[in-house]
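J.: This structure is in structure tokens; I'll ask about it shortly.
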Amino acid sequence: MLTRIDHIGIACFDLDRTVEFYRATYGFEVFHSEVNEEQGVREAMLKINDTSDGGASYLQLLEPTREDSTVAKWLAKNGEGVHHIAFGTADVDAESAGIKEKGVRVLYEEPRRGSMGSRITFLHPKDCHGVLTELVTSAPVESSEH
Ligand code: CMX
Ligand code: CO
């Protein structure tokens, strides 16, 4: 079961300036930031709210770290904006297997590492009415605190 919006991914050219926009305009603070070399991004997670299943919802601001990253390619074509949405689930393996059976392309054989130790996979936007869709299982609270 998909139980919440985990995050909305927003691609930007300048992470620091974009973080400052969200702080100055809405009062959102950076909850967590990291570089994910595999995904080719530097990112900031802004927590919007906690949810009843123990997870949370975030904005994920993304700046590419290299020219051949998926986000760099997307920015060059589209400019800044909403890049993907991510649904939270307790079991990304089971969810992605079930969705694959319905004929939607799942981009990874095995879930990969996402923000804060989460496990993530993506569904192809062309099979999802134009929306790049991520599935996320958050890390247990214990491990995300270390
Ligand atoms: N949203 C909607 N459509 C998208 C898209 C997006 N984010 N990215 C690409 N597309 C569309 C393109 O517009 C293009 O459509 P047309 O053929 O009609 O022009 C088509 O998909 C193919 O796009 P492309 O530019 O040739 O890009 P690629 O096929 O090389 O890559 C994708 C597309 C989805 C496979 C790749 O972006 C991917 O693997 N994404 C998953 C990983 C990722 O996005 N990581 C960054 C975020 C990390 C995180 O969230 O933690
Ligand atoms: Co994401």
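J.: Evaluate the relative contact order of segment 13-98 (contact order divided by residue number), counting alpha-carbon pairs under 8 angstrom at least 6 apart; express in whole percent.
T.: That works out to 22 percent.
J.: Roughly speaking, what is the stretch gain from residue 3 to residue 94, that is 0.36 nm per residue apart minus the C-alpha to C-alpha distance, in nm to one decimal? If you can, show how the numbers build up before the last one.
T.: On the way: separation 91, 0.36 × 91 = 32.76 nm, distance 1.37 nm.
Answer, rounded to one decimal: 31.4 nm.
J.: Take each complete run of DSSP H in the chain, measure how far its Cα atoms stretch along the helix's own axis, and keep only those covering 20 Å or more with mean Kyte-Doolittle hydropathy at least 0.5; list them.
T.: Qualifying helices: none.
J.: Please give the net charge around residue 84, taking every other residue with its beta carbon less than 13 angstrom from that of residue 84, where Lys and Arg add +1 and Asp and Glu add -1. The partial results should precede the final answer.
T.: Working: positive: none; negative: 6, 43, 134.
Value of the local net charge: -3.
J.: Using the beta-carbon distance between residue 35 and residue 124 and R0 = 30 Å, what value does 1/(1 + (r/R0)^6) give for FRET efficiency, to the nearest 0.05?
T.: 0.75
J.: Counting each DSSP H run of 4 or more residues in the chain as -39500 (n - 2.57), what helix-only mean residue ellipticity at 222 nm follows after dividing by all residues, to the nearest 500 deg cm²/dmol?
T.: Values: 4 runs with 35 residues, N = 146.
Rounded to the nearest 500, it is -6500 deg cm²/dmol.
J.: Leaving ligands, DNA and RNA out of it, report the carbon-plus-sulfur percent of the accessible area of the chain at a 1.4 Å probe.
T.: About 53 percent, which is the carbon plus sulfur part of the accessible surface.
J.: Send over a whole-number figure in Å² for the accessible area per residue of segment 2-137, probe 1.4 Å. List each step's numbers first, then the result.
T.: Working: 7450 Å² over 136 residues.
Per-residue accessible area for segment 2-137 comes out at 55 Å².
J.: If exposed trypsin sites (Lys or Arg not before Pro) are those in a DSSP loop with at most 12 other Cβ within 10 Å, what is the longest stretch of the chain that has none?
T.: Result, exposed sites excluded: 1-65.
J.: Take a quick pass over segment 2-137 and tell me how many lysine pairs come in under 19 angstrom between Cα atoms, counting only ones 8 or more apart or on separate chains.
T.: For segment 2-137, qualifying lysine pairs total 4.
J.: Right, something else. Note the full-extension length gain between residue 47 and residue 78 as 0.36 nm times their separation in residues minus their Cα-Cα distance, in nm to one decimal.
T.: 8.6 nm
J.: Next up: Which FRET efficiency value, to the nearest 0.05, do you get for residue 112 and residue 21 by plugging their Cβ-Cβ distance into 1/(1 + (r/R0)^6) with R0 = 35 Å?
T.: The pair residue 112/residue 21 has a calculated efficiency of 0.75.
J.: With a 1.4 Å probe and all protein chains kept in place, how do 48, 99 rank by accessible area, largest first?
T.: Descending accessible area places them as 48, 99.
J.: I've got another one for you. I want the antiparallel fraction of DSSP beta bridges within segment 2-137, as a percent rounded to 5.
T.: Restricted to segment 2-137, the bridges split so that about 80 percent are antiparallel.
J.: Next question. Between residue 66 and residue 101, what length comes free when the chain is fully extended (0.36 nm per residue of separation minus the Cα-Cα distance, one decimal in nm)?
T.: On the way: separation 35, 0.36 × 35 = 12.60 nm, distance 3.37 nm.
Taking 0.36 nm per residue and subtracting the Cα distance, the gain is 9.2 nm.
J.: Quick one: what are the phi-derived ³J(HN,Hα) couplings along segment 47-64, Karplus 6.51/-1.76/1.60 with θ = phi - 60°, whole Hz, x for glycine and proline?
T.: So the Karplus estimates, Gly and Pro as x, are 6, 9, 7, 7, 10, 5, 8, x, x, 7, 10, 9, 9, 10, 8, 10, 10, x Hz.
J.: Still on this structure, I have one more. Between segment 44-123 and segment 2-36, what's the alpha-carbon centroid distance in Å?
T.: One Cα centre to the other: 13 Å.
The values are calculated or read from the model by the stated rules, or taken from the named source; none is laboratory data. Bear in mind that the values here come from a model prediction, so they are computed numbers and not experimental data. When we count neighbours, we look across all protein chains shown, and the Cβ atoms used for this are built from the backbone with ideal geometry, even at glycine. Accessible surface areas use protein heavy atoms only, side chains included; no ligands, DNA or RNA. Shrake-Rupley method; radii C 1.70, N 1.55, O 1.52, S 1.80 Å.
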